[in-house]
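Reviewing the structure listed below.
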Amino acid sequence: TPLNESYFKNIAKKELRAETVVVNKAVNKALGLNGGVPIKNGFTDKFINDKTLLKKIKKQTTQAISKGQSFQEFRQTLKTTIQGTTDIKGSGGLQQYYRNYAYDTYQKVDRLNQDTFASELGLRYFIWAGGITRTSRPLCVLCNGKVIDKVSYSKLKYSDIKTTKYKNGSGKLMPLNSGLDETWQPMNDLGQYGCRHTKNYIADSVANQLKNKWIKTSDLTN
């Protein structure tokens with residue numbers, strides 16, 4: 001929030017104390033926090049109490065005992081399951097799952113921060129920022145460095161995306177450079193899982209000067 005406050009203060013040319021209070025409330029609500037304490041059944045509480053890892057460990061423990069594995073063998077099996085190894089394709093899925101989940105949560109909180117400040121200040125346009133890497137998704141390649149109108153972009157749904165190269169079915173452990181899936185929420189996710197891009201909101205006057213860089217929703221729906 002302090003980083004976003006500093007960014008938006010330069011656009012608004014004023015202190016943003018009241019706006020920052022609104023942003024912090026929005027973030028705490030989204031994360032299910034009350035004074036830093038997780039609210040029962042809220043997002044943070046559910047994340048902390050996720051039993052995915054525990055179930056996997058219990059299953060492997062039972063299998064190790066039934067097969068007569070030594071403790072050292074079992075320890076190595078468990079390490080491979082969680083951390084992975086270059087010798088076994090697809091190993092380390094649990095660590096990847098939790099890393100992606102935590103990373104995406106941070107990204108979504110940052111985007112919520114940006115959206116709330118923008119709404120408080122009446123800003124409509126943002127630059128899809130962050131650059132391109134070898135694992136960039138097709139949607140991110142299209143939009144990187146371009147101006148997005150949040151009003152039209154926020155109305156998009158997965159079913160609206162007609163161009164097949166931008167969509168890819170389902171599965172949270174898809175390769176980073178794959179397409180969108182049906183859980184995509186445009187304003188929260190941008191390019192979806194593992195997306196590193198942010199929204200750099202700009203004044204309307206700046207957006208109008210950059211009309212040659214606007215992304216139209218028709219670029220995605222036709």
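Data for the structure
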| read-out | value |
| --- | --- |
| Members of region 1-47 found to be open to solvent by less than 60 Å² (accessible area, probe 1.4 Å), farther than 17 Å from R111 by Cα and charged (D, E, K, R), listed by number | D45 |
| Count of residues meeting criterion [free of Cβ contacts under 8 Å to residues at least 60 places away in the same chain and either aromatic (F, W, Y) or surrounded by fewer than 13 Cβ atoms within 10 Å (Cβ to Cβ) (or both)] in region 134-154 | 3 |
| Residues of region 204-221 that turn out to be out of contact with any strand residue (DSSP E or B) (no Cβ under 9 Å at 6 or more places or on another chain) and either in a loop (DSSP other than H, G, I, E, B) or under 14 Å from P186 (Cα atoms) (or both), as a count | 2 |
| Identity of the residue in region 159-171, in contact with an Asp or Glu (Cβ under 8 Å, 6 or more places away or on another chain) and surrounded by 16 or more Cβ atoms within 10 Å (Cβ to Cβ), that ends up modelled with the highest pLDDT | K167 |
| Among (1) exposed (fewer than 11 other Cβ atoms within 10 Å of the Cβ); (2) modelled with pLDDT under 85; (3) assigned to a helix (DSSP H, G or I) - the single one Q72 does not satisfy | (2) |
| Flag for V109 being part of a helix (DSSP H, G or I), open to solvent by 30 Å² or more (accessible area, probe 1.4 Å) and more than 30 Å from K29 (Cα to Cα) | no |
| Residue in region 2-25 that is over 30 Å from Y153 (Cβ atoms) and either modelled with pLDDT of 85 or more or part of a helix (DSSP H, G or I) (or both) present | no |
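Yes or no, residue by residue, for (1) part of a helix (DSSP H, G or I); (2) surrounded by 15 or more Cβ atoms within 10 Å (Cβ to Cβ); (3) at pLDDT 75 or above:
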{"residue": "L78", "(1), (2), (3)": "yes, yes, yes"}
{"residue": "L94", "(1), (2), (3)": "yes, yes, no"}
{"residue": "E120", "(1), (2), (3)": "yes, yes, yes"}
{"residue": "W128", "(1), (2), (3)": "no, yes, yes"}
{"residue": "G131", "(1), (2), (3)": "no, no, yes"}
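The values are calculated or read from the model by the stated rules, or taken from the named source; none is laboratory data. Because the structure is a prediction, the values reported are computed rather than measured. Cβ: placed from backbone, ideal geometry, glycine included. Neighbour counts: every protein chain shown. All accessible areas refer to the heavy atoms of the entire protein, side chains included, with ligands and DNA or RNA removed. Shrake-Rupley method; radii C 1.70, N 1.55, O 1.52, S 1.80 Å.
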